[in-house]
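The next block holds one structure in the form of structure tokens; read it before the comments.
The values are calculated or read from the model by the stated rules, or taken from the named source; none is laboratory data. Fair warning: this is a prediction, and the values are worked out from it, not measured in the lab. Ideal geometry is used to build each Cβ from the backbone, glycine not excepted, and the neighbour counts take in all protein chains shown.
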Amino acid sequence: MLLGHEKEKFLYLPTPLEKLENISKDLGVNFYMKRDDLTPLAMGGNKLRKLEYFVKDAKDKGATFLLTVGGAQTNHGRLTLAVARKYGMRGAIVCVDDYPGEVSANLLLDSMMGLDVWLKRPEKGVTEEMVADEIAKMYEARGEKVYFIPMGGSNELGILGYYECAMEIDKQAKELGLKNPLVIDTVGSMGTYMGLYTGILNEGLDLRLLGIGILKYDDMIGYAKDYFERVKKYYNLDVEAAGFNLTDKYDRGAYNNPVKEVREAMYYMAEKEAIILDPCYTGKCFAGILEMIENGEIKKGEDIVFIHTGGVPGINTPFHRIEMERERGNFIHVI
């Protein structure tokens with residue numbers, strides 16, 4: 001039990017914390033990777049840590065149906081459907097997004113699990129929550145008891161997955177002899193970052209935290225402050241925020257946009273360590289890390305723990321895949 005909440009255990013924890021020797025030598029830092037891409041179910045990813053807590057809450061409330069929201073290629077949605085299937089539930093994803101032109105990447109995996117994806121063309125004033133409410137009523141009229149999970153699993157309950165992960169990293173870091181390493185997290189809907197932040201602060205862990213944003217925020221720090229205050233109130237925590245180490249300098253102007261520097265960072269990781277990053281989250285974050293090392297924001301000799309949050313199916317979305325085919329197509333030799 002963590003902060004008064006139980007979870008449904010379906011992960012094999014702890015996930016590995018491994019040193020990337022080739023990149024470490026190349027960059028002049030001690031580069032470790034927390035392999036949360038290796039979690040089970042539907043090709044894995046960070047959202048499964050959160051979903052351990054959501055599915056327990058859903059089962060306790062007698063839910064028969066998991067409903068969530070996201071973009072057409074949502075990783076969180078894919079994993080929500082996976083957990084629904086594992087625990088004998090139905091599920092669906094609601095997306096205010098255009099049809100991407102083909103069934104590939106996450107959409108293909110969604111289809112394999114045989115559950116529903118609802119696409120609503122973007123219109124002014126229409127939100128995911130509005131459409132999800134309509135869809136939930138439709139399923140409830142069919143006899144389902146719907147449990148709603150917010151985008152990215154990012155709410156007060158969802159932070160527990162990475163609160164727990166912060167404690168896991170701290171224990172592994174100590175076993176490796178690391179002192180006060182810099183944990184670097186990709187920040188989208190901010191639930192993973194807030195779990196790490198709350199865990200580090202409330203448990204007094206010997207970790208520093210840096211969040212690299214991959215989408216546009218109007219006020220990233222302000223959003224983090226509000227989120228933490230909600231978490232603090234929800235769990236009645238007697239701690240004060242100690243500043244938020246967040247940067248939006250490396251979001252590349254938009255969410256999930258094809259960017260040459262990001263693809264080059266992905267190629268570099270694949271060539272050096274045979275680890276595949278994705279173009280929306282981990283690739284964009286890693287591209288930011290490379291720039292921060294180059295410009296001195298991250299010092300040489302630092303102990304770095306980069307969390308691989310999964311998302312690899314995203315390399316097969318058309319607008320990313322086409323660019324990579326153009327850039328790397330010369331590897332094929334027909335004889």
Exercise. Since P100 meets every condition but one in (1) more than 17 Å from the chain's Cα centre (by Cα); (2) at pLDDT 95 or above, which condition does it not meet?
Worked result: (2)
Seminar exercise, completed: All-but-one check, T68 against (1) outside any loop (DSSP other than H, G, I, E, B); (2) more than 17 Å from the chain's Cα centre (by Cα), failing number (2)
Exercise. Quick one: what pairs do we get from the range 5-24, first residue under 18 Å from M43 (Cβ atoms), second loosely packed, with under 13 Cβ neighbours inside 10 Å, C-beta under 8 Å, 6+ apart or different chains?
Worked result: F10/P40; L11/P40; Y12/P40
Exercise. Does M167 qualify as being modelled with pLDDT of 95 or more and buried (at least 24 other Cβ atoms within 10 Å of the Cβ)?
Worked result: no
Exercise. Surrounded by fewer than 18 Cβ atoms within 10 Å (Cβ to Cβ) and of a type in the set (V, I, T): does that describe I315?
Worked result: no
Exercise. Somewhere in the range 85-96, is a residue within 17 Å of V146 (Cβ to Cβ) and part of a helix (DSSP H, G or I)?
Worked result: yes
For this session: Specify which of the listed residues (A173, A166, A92) is in the same structural domain as Y235 (by TED's automatic domain parsing) and in contact with a helix residue (DSSP H, G or I) (Cβ under 9 Å, 6 or more places away or on another chain).
Result: A166
For this session: Taking the residues in the range 97-138 that are in contact (Cβ under 8 Å) with a residue 40 or more places away in the chain and assigned to a loop (DSSP other than H, G, I, E, B) as candidates, determine which candidate is farthest from G44 (Cα to Cα).
Result: G101
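Per-residue answers, yes or no, for (1) of a type outside the set (A, V, I, L, M); (2) under 22 Å from the mean Cα position of the chain (by Cα); (3) loosely packed, with under 14 Cβ neighbours inside 10 Å:
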| position | (1), (2), (3) |
| --- | --- |
| R90 | yes, no, no |
| C95 | yes, yes, no |
| S104 | yes, yes, no |
| L115 | no, yes, no |
| W118 | yes, yes, no |
| E134 | yes, no, yes |
For this session: Return yes or no: is T64 outside the structural domain of K299 (by TED's automatic domain parsing), hydroxyl-bearing (S, T, Y) and closer than 20 Å to N256 by Cβ?
Result: no
Exercise. Taking the range 91-140, which residues are among the polar types (S, T, N, Q) and farther than 16 Å from G77 by Cα?
Worked result: T127
Problem set entry | Those residues of the range 39-59 which are closer than 21 Å to L108 by Cβ and in a helix (DSSP H, G or I), in sequence order | K47, L48, L51
Problem set entry | Whichever residue in the range 260-278 is in contact with a helix residue (DSSP H, G or I) (Cβ under 7 Å, 6 or more places away or on another chain) and assigned to a loop (DSSP other than H, G, I, E, B) and, among such residues, is surrounded by the fewest Cβ atoms within 10 Å (Cβ to Cβ) | I276
Problem set entry | Failed criterion for L207 (all others in (1) under 21 Å from I289 (Cβ atoms); (2) under 19 Å from the mean Cα position of the chain (by Cα); (3) not small (G, A, S) hold) | (2)
Exercise. Give me the pairs: first residue in the range 53-67 and closer than 22 Å to G195 by Cα, second residue of a type in the set (G, A, S) and assigned to a loop (DSSP other than H, G, I, E, B), beta-carbon distance under 9 Å, and six or more apart or on different chains, which are they?
Worked result: Y53/G158; F54/G158; V55/A63; D57/A63
Exercise. What number of residues in the range 24-48 are crowded, with 23+ Cβ neighbours inside 10 Å, of a type in the set (K, R) and in contact with an Asp or Glu (Cβ under 7 Å, 6 or more places away or on another chain)?
Worked result: 0
